[in-house]
Amino acid sequence: MKRVYVAGKYSGGNILDILKNIGRGQKTCAEIFKLGMAPFCPWHDKTYVIDLPEKDFTIQEFRDHSIAWLEVSDCVYVISGQGENGGVDAELDIADKLHIPVFTEMYQLIKFRDKDTFVRSYPVKLDKTEAIGRNWIDPNDSLIGAIRQVQKRLDYVSTSSLNPIKKEMK
């Protein structure tokens, strides 16, 4: 099951804009869930505040929570906010550093869902032609390049300040 980080606007000019953004985000996440994927829905963070109104949450706590999920996602799906110099752009910068694919259209997300990745089921001996034939890698990618992308992603996550293993070691 593909883990999809859903990125989009949360804040707005007034409470109605915020509620509309929450509604759009939750609806999109429900649609992605119905398609057989596992979306991370940052708009559900509101529940923590509603359920624990006495807790003094900080915006940074919610950002850290979201980024922890972004770091382990298979892809990012953007519904709004891209190019507005806000939180979505910061999330896309991290996705870019991790080589996590970013999609803005549902058909792209469905195509990604239906494409097996060679990382999970990569045989010991397999040439590039066979891997392309099995749809495990993009024919435009070199096998070495794909392996390097995975390694960079693992290296970034292992050195991230949000990595719980690293925090325990300090």
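Residue by residue through segment 1-34, note down the ones that are surrounded by 14 or more Cβ atoms within 10 Å (Cβ to Cβ) and among the aliphatic types (A, V, I, L, M).
V4, V6, A7, I18, I22, I32
Does S66 satisfy the condition of being closer than 16 Å to R3 by Cβ, touching a Gly at 6+ places or on another chain (Cβ under 9 Å) and surrounded by 15 or more Cβ atoms within 10 Å (Cβ to Cβ)?
yes
Among what's in segment 35-63 and is closer than 23 Å to A90 by Cα and charged (D, E, K, R), pick the residue that is surrounded by the fewest Cβ atoms within 10 Å (Cβ to Cβ).
E61
Can you name every residue in segment 98-128 that is assigned to a helix (DSSP H, G or I), farther than 24 Å from C29 by Cβ and either modelled with pLDDT of 90 or more or not small (G, A, S) (or both)?
Let us first name the residues in segment 98-128 that are assigned to a helix (DSSP H, G or I), namely 98, 106-114, 118-121, 128.
Filter once more, keeping what is farther than 24 Å from C29 by Cβ: 118-119, 121, 128.
Those that are assigned to a helix (DSSP H, G or I), farther than 24 Å from C29 by Cβ and either modelled with pLDDT of 90 or more or not small (G, A, S) (or both): F118, V119, K128.
Does V72 satisfy being loosely packed, with under 14 Cβ neighbours inside 10 Å, under 13 Å from K2 (Cα atoms) and not charged (D, E, K, R)?
Judged against the criteria, V72 is a match.
Mind checking which pairs have a first residue in segment 16-33 that is aliphatic (A, V, I, L, M) and a second that is outside any helix (DSSP H, G or I), Cβ under 6 Å, 6 or more apart or different chains?
That search, which allows pairs on different chains as well, returns I18/G12; I32/V4; I32/P39.
The values are calculated or read from the model by the stated rules, or taken from the named source; none is laboratory data. Computed from a prediction, not measured in an experiment: that's the story for all the values here. Because the Cβ atoms are built from the backbone with ideal geometry, glycine has one as well, and the counts that use them run over all protein chains shown.
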